[in-house]
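Since the structure comes first, as structure tokens, the remarks are kept for the end.
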Amino acid sequence: MKTAPECMACYLRQTLQVARIRSTDVQVHLTALRRVAELITAMDMEHTPPENSVSVYQTIAEITGCADPYLEIKQQSNEQALAILPDFKKELSAGNDPLRAALRLTIGGNIIDYGAMHSFDVNAALARCLKAPLVIDHSRELLEQARNLGKGAKVLYLADNCGEIVYDSLVIEVLATMGLDVTVVVK
């Protein structure tokens, strides 16, 4: 996915959001916004939004003096996810398609992106993911491919956000119980 013009507004919103997390000084907010506004006018729109966001967050870190403004929120997210994980494990073991259920929970966990969203109810999102029909559902094909790989086959699992990794662990566990050797890589 290439960077779209709408991403520019999102970068500025994220800049203000992070600046406000790190400082109550309006001048810091304005400095961050001005520097990022200059930066985004020169961005390569052929790059993906995550690629372009690296320079945005580096600039914000320089101005605010904080390399990870979401650290506390990420820790809370992991704690929240770990607290409800046992309930989801019970649900997976009680169901007839643990991989599909684990994938649905991972989809729900994918909403945890602090730069992209203001606030959200993780539990409500996960409940919706378990019940709502999937627009694209390749879970059966994935299950078939996993079975065809055979025991000991190597699988690379790419993980994304903090908190989400807890939900990813459900899919990883299901794949491991199928005899697959899963290697997890975090961006």
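The values are calculated or read from the model by the stated rules, or taken from the named source; none is laboratory data. Here the structure is a predicted model, which is why all the values come from computation and not from measurement. Cβ sites come from the backbone with ideal geometry, for glycine too, and all protein chains shown count toward neighbours.
Things worth noting here:
- In region 70-79, the residue that is surrounded by the most Cβ atoms within 10 Å (Cβ to Cβ) out of those that are within 19 Å of THR106 (Cβ to Cβ) and at pLDDT 80 or above is ASN78.
- For the criterion of being closer than 30 Å to ARG147 by Cα and surrounded by 13 or more Cβ atoms within 10 Å (Cβ to Cβ), ASP97 passes.
- Cβ pairs under 7 Å, 6+ apart, first in region 48-65 and touching a residue at least 24 places away in the same chain (Cβ under 8 Å), second of a type in the set (S, T, N, Q) and not in a helix (DSSP H, G or I): THR48/THR3; PRO49/THR3; ASN52/THR3; THR64/SER23
- The set of residues from region 149-169 being at pLDDT 85 or above and part of a loop (DSSP other than H, G, I, E, B) comprises GLY150, LYS151, GLY152, ALA153.
- Condition met for ALA9 (closer than 23 Å to LYS187 by Cα and free of Cβ contacts under 8 Å to residues at least 24 places away in the same chain): no
- Any pair with Cβ under 9 angstrom, 6 or more apart, that starts in region 137-156 at a residue that is under 11 Å from MET178 (Cα atoms) and ends at one that is part of a helix (DSSP H, G or I): LEU143/LEU99; LEU143/ARG100; ALA146/LEU99; ALA146/VAL174; ALA146/LEU175; ALA153/ALA146
- Screening VAL54 against (1) modelled with pLDDT of 90 or more; (2) closer than 29 Å to VAL166 by Cβ; (3) surrounded by 11 or more Cβ atoms within 10 Å (Cβ to Cβ) leaves a single unmet condition, (3).
- Breaking point among (1) surrounded by 10 or more Cβ atoms within 10 Å (Cβ to Cβ); (2) under 18 Å from the mean Cα position of the chain (by Cα); (3) modelled with pLDDT under 90, for ILE172: (3)
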